[in-house]
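Here the structure is laid out as structure tokens; the discussion comes afterwards.
The values are calculated or read from the model by the stated rules, or taken from the named source; none is laboratory data. What you are looking at is a predicted structure, and each value in this text was computed from that prediction instead of being measured. No Cβ is skipped: glycine too gets one built from the backbone with ideal geometry, and neighbour counts run over all protein chains shown. To get the accessible areas, we keep the full protein, side chains included, count just its heavy atoms, and leave off ligands, DNA and RNA. Shrake-Rupley method; radii C 1.70, N 1.55, O 1.52, S 1.80 Å.
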Amino acid sequence: MMDLFSQIEEPEREELKRLRKELEEANYKYYVLNMPTLSDREFDEKMHRLQALEAQYPDMFDPKSPTQHVGSDLAVSRQPSAVSKGFETVKHKYPMLSLANSYSREEIEDWVRKLPQGVEIVCELKYDGLSISLWYENGELVHALTRGDGTQGDDVIENIKTIPSIPRHLVGTPSTFELRGEVLLSWERFEALNKEREEQEEPLFANPRNAASGTLKLQDPKEVARRGLTVYLYYMLGEDLPGKTHYERLTTAREWGFPVSDAVKVCKNVDEVMAFIAYWDAERKNLPVATDGIVLKVNNLAQQEELGYTAKTPRWAIAYKFPAEKQLTLLKEITYQVGRTGVVTPVANLEPVQLSGTIVQRATLHNEDFIRSLDIRPGDRVWVEKGGEIIPKITGRELSAISRQLSDFSFPMTCPECGAKLVRVEGEAAWRCPNETGCPPQIKGKIEHFVSRKAMNIDGLGEETIDLLYRQGLLHNIADIYDLKAEDIAAQERFGEKSAQNILAGIEASKQVPWARVLFALGIRMVGETTAKKIARVYNTIDRLQWATAEQLCAIEDVGPQIAENIVAYFNDIRNLEILERLRQAGLQMEAGEAPEPFGHSDKLAGMSIVISGTFAQHSRDEYKAMIEAHGGKNVGSVSKKTSFILAGENMGPEKLKKAEALGVRLMSEEEFLDMINIVV
Ligand code: IVH
């Protein structure tokens, strides 16, 4: 028979095991899948509880417990079946540790009390990205390692080299040293990337941290360069480095040309620390990147060494996490939005509230299951949160809702736009309107997608014009675009002869758009830009693609059974075949050309003499030369009065720069140039 003690112990031992499993899983989802399931706070609370239980039951010590190691982002770790993602794994010289978290003045006071009397504390911003370790040997950047499992990391140097602020060569620095910091995607870049992904119906990144993490692990440095990562460095390590304090080392790194933030302060007591926290809790909203707290570090390096480390964190540093902003507000109504593929998305219409400096009055409710899992209905008071994410989230409701008796929730049975009966495919979360060819937002959405920049790139046909022409009965599907006449457009209010001609010129030019983009433009469900490119490379004509079976399609990289089914279904629909035939008649590219022109073709640069100078992040020099020629310009070697402009990269030659200044020749950045010739990178 069990004695009294073991009866009390048993549930706690079970809890300990359960917490280990839960935290292990949360680590995996956060670091490997890049899909966090617990908030930082929930994670920390569970971790603290686990630490307490492990202290209580030392016989259950396990070196593999999540309390004993940091999470892992290694491309292949814990995924025995996954293929290697192509990064070299390199052992860290010094383990890459995490930081202990705190959430209140009391916790900080507690931490300071345990430090030697009178220590200086450096306060810094805690950047919310992912950590990186840069190794320099004899002035050269030789490795850029992710944290990995703390002991070894993935070498993502090629991707890191796309960040212009990171020096690649240094003169006069110690022979070896390491700089650690945080890789981030700015709010601006994050929003632009998500906008693009939304247009292409690709899954959105939940926050800039996830977007930066997904970007850093890409295999294509060109795409990484296009997305534009940023970095802040905050920790220098190595033997025989100058300086006796952390602050001096940061200053040195800044002097060597590294991007080190100015938001750093040496504090002498808790009040100064709290003042720094209060200032930045408000001011961080004006920063271009996400921050989620403040990091406190003992300034003196000898004192740091004395304090030492636990298995996972240094004792000489701690993080203070800002509270997530949360507000309670009234859910006035749930409305429904129909997308271009017919997905019906419920939207919460809220009593406006102020949150992180913006007014929030709408938030997505994702799908029926989401609403049911939170059990929310119109009339409820709901919690709206804006944590690391820019998109506000509804995270729950107030429990004492009287509204329970007053209203009920049921997902609509029919499409709010066209009245068709909605369908929900087994295994999918979304309800869809099946009336593809008769439901206005689906019709207009498909046309908007077709003409968009990355698809057929037809200038002048914006959302409003499409709506106008649709309501006039002139546009019902994508093939109708090629039947539009100048007088149809010119007859519309606000349109003249000139704008009608421009639109027609755009339509005409779209006939040269290559097959891969035509395929993307068709708007087959889940066939995004990249997938379309991969399919078009294997199936170089539409006729071949039309007869491909789902099984054959699955052999293409990135094409799974669902996408394959969508393609087969698309070609099985007689209405689509009719549209395709009309597009073919109109002269669209339905097969890959003999020698594809990867950079398009136009006469935008006709008559221009262009000098290329410096180094570039997005394309090679030869590619820029090819682009200039493909768009009718001439690439010339030296700057003269006749030079139209200089395509100027980084580190442009000083002679050319001087001459350009003297002659007043314009310098154009690669971004401006790509924009000018409308290259979709
Ligand atoms: S110092 C040994 N300083 O926060 C101490 N970390 O939650 C190394 N982080 O893994 C870290 N801003 O990725 C430090 N100013 C800063 C930071 C910072 C962001 C990240 C870092 C670390 C994580 C811990």
Might you let me know whether region 220-229 holds any residue that is open to solvent by less than 20 Å² (accessible area, probe 1.4 Å) and either assigned to a loop (DSSP other than H, G, I, E, B) or within 16 Å of the ligand (Cβ to nearest atom) (or both)? yes
Here are the criteria: (1) in contact with a Lys or Arg (Cβ under 7 Å, 6 or more places away or on another chain); (2) over 22 Å from R41 (Cβ atoms). Tell me which single one Q361 does not satisfy. (1)
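Residue-by-condition table, conditions (1) under 17 Å from P346 (Cα atoms); (2) modelled with pLDDT of 90 or more:
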{"site": "I394", "(1), (2)": "yes, yes"}
{"site": "I402", "(1), (2)": "no, no"}
{"site": "S407", "(1), (2)": "yes, no"}
{"site": "C439", "(1), (2)": "no, yes"}
{"site": "K446", "(1), (2)": "no, yes"}
{"site": "A455", "(1), (2)": "no, yes"}
Can you tell me which residue is farthest from the ligand (Cβ to nearest atom) among those in region 85-94 that are surrounded by fewer than 17 Cβ atoms within 10 Å (Cβ to Cβ) and not basic (K, R)? G86
Do you know which residues across region 259-296 are among the polar types (S, T, N, Q), away from the ligand (no atom under 16 Å from the Cβ) and under 24 Å from the mean Cα position of the chain (by Cα)? N286
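Answer yes or no: is there a residue in region 235-242 that is open to solvent by 30 Å² or more (accessible area, probe 1.4 Å), in a loop (DSSP other than H, G, I, E, B), touching a helix residue (DSSP H, G or I) at 6+ places or on another chain (Cβ under 6 Å) and farther than 27 Å from S452 by Cβ. Break it down into steps so the answer makes sense when it comes.
Keep residues of region 235-242 that are open to solvent by 30 Å² or more (accessible area, probe 1.4 Å), which gives 235, 239-240, 242.
Filter once more, so that each one left must be in a loop (DSSP other than H, G, I, E, B): 239-240, 242.
Narrowing further to those that are touching a helix residue (DSSP H, G or I) at 6+ places or on another chain (Cβ under 6 Å): 242.
Adding the requirement that they be farther than 27 Å from S452 by Cβ leaves 242.
Yes, region 235-242 contains a residue that is open to solvent by 30 Å² or more (accessible area, probe 1.4 Å), in a loop (DSSP other than H, G, I, E, B), touching a helix residue (DSSP H, G or I) at 6+ places or on another chain (Cβ under 6 Å) and farther than 27 Å from S452 by Cβ.
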Given (1) open to solvent by less than 50 Å² (accessible area, probe 1.4 Å); (2) modelled with pLDDT of 90 or more; (3) over 21 Å from L583 (Cα atoms), E428 misses just (2)
Of the conditions (1) among the aromatic types (F, W, Y); (2) in a helix (DSSP H, G or I); (3) surrounded by 16 or more Cβ atoms within 10 Å (Cβ to Cβ), the single one that F258 does not satisfy is (2)
